[in-house]
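Down below is the structure, laid out as structure tokens.
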Amino acid sequence: MKSWSRNKFILALVYPNKEYCGVYSLGLRIIKNLVDSNSKWFTTLNYTDKNNLKSETFIGFTFQYEPDYLNFFNMLKENNIPLEKKNRSQIVFAGGPCINQNPFTLSKYLDFMVLGDSEAVMPKLLEIYEDSDNQQQFLNKILKIKGVFVPDLNEPTYAVLDNLDSAPYPITQEYPKNLDKSFVFGKSLLLEIERGCPYRCKFCVIPTLTPIIRYRSYEKLIEIIDKGTRINNINKVAIYAASFVHPKRARLLRHMIENNIKFIVPSTKVEFLDEEIMTLIKKNGQVSLTIAPEADEITRKSVNKLTPDERFLEFAKLAKKLDFKKIKMYLLYGIPNQEIKDLEKTIDFIKKMKSIFPNVYPSINPVVPKPKTAFEGLPFNKKLLKQQANYLRKELNKLNIDYKLESINTAYNEYLLANSKDLSPDFFRKVRH
């Protein structure tokens, strides 16, 4: 830990939501680590419930979820920071999944954006900031950096990091001293094992933004685990992966079990959940598994998920054999050309899973067409979605299981925010309704 000094440059990092969410943002920790490793720089962390930006002049937001755009406006207002770029002396920029997916949503209010892999961008930005005399000079100098988008001055480009092993990783991961139950993962070492996904699901932006999956080497992951758990005095690892398909995943889990380190496994692909992996997860003490069938087999294939029903049923049998207690299933409705007859097949699929493994928990969400996906530009048909949701609710109630149907209004607000190219504070009046 380096001491604070008044002659350091300061970057105020902002996660525009509650602290109990923000502490699990790996992107925020990566940038904090990058900046703090520079002896000339110092970072502050800010959340909606813990923020003080009034004296800051270089402010960076990370947007993980579109509804956090409202918090962006609120936080600037709370700290007396002018919304209009021409009226403020501060430099305000942003990155994160939402910004990468649609860099134009907040372009009226952001001086610049970081697109792609931040590790390839931030060191260059810091160096130019140090050598710039004023805001305009800084913005002009960063125009040529790949992965920097300055609205009205250049076009969006995306930085790509070829090798994850070569990137600095946030080994030190601080947490508040007292964590209540809202910090759902407790004190966990966040461990990104892979970046990207080998699949091309039509509703997902990952194949567009990170078309090539990259893995951290097993040796590098072991180094991060061993150093990170020791330095932070943490005995739990939260695995970050879009698909959990790392070729050394079984070996990695065995290492943690052998060293009495607990781990949290993300949503997994059933194609990669063999008996060895599931046995290791069970031995770790995890009692539930999360998968994403999305729909019945035919509809599933229409969104480019090619796993047959039979593979999911085999998975359910194995989960029962290994005495897991719960299977959470992510499913979709409102898929293009999906009709009630297709939803009947989805219900039949859930019934088949339940007949094998009684405690299934479907979480069913309406499709939200977003930029840089195969569904970009498609309408959000609230009337059709309400009909489909009513059918699903009626049929699911007959199954005597717990389930979750995501709010259509919430999904519609997300749709509006994700696809907006001229967002304003007044826009949220429309969103709320």
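List of remarks:
- In region 254-266, the qualifying residues are those that are outside any helix (DSSP H, G or I) and β-branched (V, I, T), and the one that is nearest to F185 (Cα to Cα) is I264.
- Cβ-Cβ under 6 Å pairs, at least 6 apart or on other chains, region 16-33 side open to solvent by 30 Å² or more (accessible area, probe 1.4 Å), far side assigned to a helix (DSSP H, G or I) and of a type in the set (D, E): N17/D68
- Residue match in region 371-382 (condition: open to solvent by 30 Å² or more (accessible area, probe 1.4 Å) and assigned to a helix (DSSP H, G or I)): yes
- Exactly one residue out of D133, D49 is out of contact with any Gly (no Cβ under 9 Å at 6 or more places or on another chain), of a type in the set (D, E, K, R) and touching a residue at least 12 places away in the same chain (Cβ under 8 Å): that is D49.
Let's see how each residue does on (1) outside any helix (DSSP H, G or I); (2) crowded, with 16+ Cβ neighbours inside 10 Å:
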residue: G228; (1), (2): no, yes
residue: A242; (1), (2): yes, yes
residue: V245; (1), (2): yes, yes
residue: L252; (1), (2): no, yes
residue: T279; (1), (2): no, no
residue: L289; (1), (2): yes, yes
residue: I298; (1), (2): no, no
residue: K301; (1), (2): no, no
residue: K317; (1), (2): no, no
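- Residue ID - farthest from L343 (Cα to Cα), chosen from residues in region 281-295 that are out of contact with any Ser or Thr (no Cβ under 8 Å at 6 or more places or on another chain) and β-branched (V, I, T): I281
- Failed condition for P168, given (1) surrounded by 14 or more Cβ atoms within 10 Å (Cβ to Cβ); (2) outside any helix (DSSP H, G or I); (3) touching a residue at least 60 places away in the same chain (Cβ under 8 Å): (1)
- Cross-chain or 6+ apart pairs with Cβ under 6 Å, region 273-292 first and within 15 Å of A241 (Cα to Cα), then of a type in the set (D, E, K, R) and surrounded by fewer than 20 Cβ atoms within 10 Å (Cβ to Cβ): T290/K328
Results for (1) of a type outside the set (S, T, Y); (2) in a helix (DSSP H, G or I); (3) open to solvent by 50 Å² or more (accessible area, probe 1.4 Å); (4) farther than 21 Å from I30 by Cβ, shown as yes or no for each residue.
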position: S55; (1), (2), (3), (4): no, no, yes, yes
position: N74; (1), (2), (3), (4): yes, yes, yes, yes
position: K86; (1), (2), (3), (4): yes, yes, yes, yes
position: K124; (1), (2), (3), (4): yes, yes, yes, no
position: I128; (1), (2), (3), (4): yes, yes, no, no
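- Of all residues in region 287-304 being of a type in the set (A, V, I, L, M) and within 21 Å of the chain's Cα centre (by Cα), the one that is farthest from K320 (Cα to Cα): V303
- Scanning region 303-315 for residues that are of a type in the set (D, E, K, R) and open to solvent by less than 50 Å² (accessible area, probe 1.4 Å) yields K305, D309.
- Of all the listed residues (G186, G147), the sole one being surrounded by 12 or more Cβ atoms within 10 Å (Cβ to Cβ), modelled with pLDDT under 95 and at positive phi is G186.
- Members of region 319-335 found to be surrounded by fewer than 19 Cβ atoms within 10 Å (Cβ to Cβ) and either closer than 25 Å to I257 by Cβ or not aromatic (F, W, Y) (or both), listed by number: K320, K321, L322, D323, K325, K326, K328
- Filter result for K108 (assigned to a loop (DSSP other than H, G, I, E, B), in contact with a Leu (Cβ under 8 Å, 6 or more places away or on another chain), touching a residue at least 60 places away in the same chain (Cβ under 8 Å) and open to solvent by 10 Å² or more (accessible area, probe 1.4 Å)): yes
- Checked against (1) in contact with a Phe, Trp or Tyr (Cβ under 7 Å, 6 or more places away or on another chain); (2) more than 28 Å from E84 (Cβ to Cβ); (3) outside any loop (DSSP other than H, G, I, E, B), F185 passes all but condition (3).
- Residues that are open to solvent by less than 80 Å² (accessible area, probe 1.4 Å) and assigned to a loop (DSSP other than H, G, I, E, B) within region 130-144 comprise just one, S132.
The values are calculated or read from the model by the stated rules, or taken from the named source; none is laboratory data. Predicted, not measured: the structure shown is a model, and the values here were computed from it. Cβ sites come from the backbone with ideal geometry, for glycine too, and all protein chains shown count toward neighbours. Please note that ligands, DNA and RNA were not included when accessible areas were found on the heavy atoms of the full protein model with its side chains. Shrake-Rupley method; radii C 1.70, N 1.55, O 1.52, S 1.80 Å.
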